[in-house]
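Following: one structure in structure tokens, then a few remarks.
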Amino acid sequence: MTDLSSNNGAVNIAAYSRSGHAVIAIKATQGRHYVNPFHLSQCQEAHRLGLTVIHYHYCSLGNVAEEIAHFRNTYLRGWRKGDYCCFDLEIPGLNIGSYARELLGTFFRKTGHPPILYTYKSYAEEHLKGIKVPGGGRWWIAKYSNGAPLIPKGQVLFAWQYTDGQAGPEPHAFPGIGKADGSIVNVGVASRLWVRKLRTRRKR
């Protein structure tokens, strides 16, 4: 799996889909104001091809209610039942643990959509000790050395980002995308989403 933002430029999601992928992450928002101008069109194309989308928000350590409202108003435009929501949290701060608990808990209560928490292994160890992700405990961890990262007890490793397109194990590139972040999705989730992709395409 890879993840997209406006930094990826022009991409060919159809080529990515044909290469055997069933899920793609697409940046929706950042902070309280930024919207990825490609989010909606890329979601529509991904859904047309049977892909499940992870809509993600890059956190800014701002006002929690405003960040959630901004993200929700944006990702719902490209939402399809079965998609996922994710918060990318990697900004240092003295009160980051309190912010993370409030953000994740409030989001889940207000939307009913279980969040995924994305961050780096070292960041989680330094800033997020004791954090529990509500609604399933899903973590997406970046660690560019060999071997999947450990996560807090009672939580779930949804995905392991093994490369940023340069560091970490191969492969570093994806058909239709080029060099980009690469992640391995939990095998149980990946199998289910692959079946979902096949069923969606048969209905077309």
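The values are calculated or read from the model by the stated rules, or taken from the named source; none is laboratory data. What you see is a predicted model, and the numbers here were worked out from it, not measured in a lab. Methodologically, a virtual Cβ is constructed for each residue, glycine included, from the backbone with ideal geometry; neighbour enumeration extends over all protein chains shown.
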Of the candidates R101, R72, the one satisfying the condition of being of a type in the set (K, R), in contact with a helix residue (DSSP H, G or I) (Cβ under 9 Å, 6 or more places away or on another chain) and touching a residue at least 12 places away in the same chain (Cβ under 8 Å) is R72
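Conditions (1) touching a helix residue (DSSP H, G or I) at 6+ places or on another chain (Cβ under 7 Å); (2) of a type outside the set (V, I, T); (3) assigned to a loop (DSSP other than H, G, I, E, B), marked per residue:
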site: V53; (1), (2), (3): yes, no, no
site: Y56; (1), (2), (3): no, yes, no
site: G62; (1), (2), (3): no, yes, yes
site: E66; (1), (2), (3): no, yes, no
site: L76; (1), (2), (3): no, yes, no
site: R80; (1), (2), (3): yes, yes, yes
site: C85; (1), (2), (3): yes, yes, no
site: G105; (1), (2), (3): no, yes, no
site: I116; (1), (2), (3): no, no, no
Give the residue, chosen from L150, L128, that is of a type in the set (A, V, I, L, M) and modelled with pLDDT of 90 or more. L128
Please specify each residue of the stretch 167-191 satisfying the condition of being part of a strand (DSSP E or B) and farther than 18 Å from G82 by Cβ. A173, F174, G178, K179, G182, S183, I184
I want to confirm something. Restricting to the stretch 8-48 and keeping residues that are assigned to a strand (DSSP E or B), under 15 Å from the mean Cα position of the chain (by Cα) and not hydrophobic (A, V, I, L, M, F, W, C), which single residue is nearest to W160 (Cα to Cα)? K27
Before we move on, is Y123 closer than 23 Å to G182 by Cα, of a type in the set (F, W, Y), in a helix (DSSP H, G or I) and within 19 Å of the chain's Cα centre (by Cα)? yes
From Y75, Y56, Y99, Y84, grab the single residue that is modelled with pLDDT under 95 and of a type in the set (F, W, Y). Y99
Please pick out the residue among N63, N73 that is closer than 20 Å to S98 by Cβ and surrounded by fewer than 19 Cβ atoms within 10 Å (Cβ to Cβ). N63
Per the filter on the stretch 134-151, residues surrounded by fewer than 16 Cβ atoms within 10 Å (Cβ to Cβ) and without any contact (Cβ under 8 Å) to a residue 24 or more places away in the chain are G136, S145, N146, G147, L150
Which residue pairs have Cβ atoms closer than 6 Å, lie 6 or more positions apart in sequence or on different chains, and pair a first residue in the stretch 22-36 that is on the phi < 0 side of the Ramachandran plot with a second residue that is hydroxyl-bearing (S, T, Y) and assigned to a strand (DSSP E or B)? V23/T52; A25/Y56; K27/Y56; Q30/Y58; V35/T29
Expected single match for outside any loop (DSSP other than H, G, I, E, B) and farther than 16 Å from D3 by Cα among L150, L157 is L157
Hey, among the residues in the stretch 82-122 that are among the hydroxyl-bearing types (S, T, Y) and surrounded by fewer than 17 Cβ atoms within 10 Å (Cβ to Cβ), which one's nearest to D3 (Cα to Cα)? S122
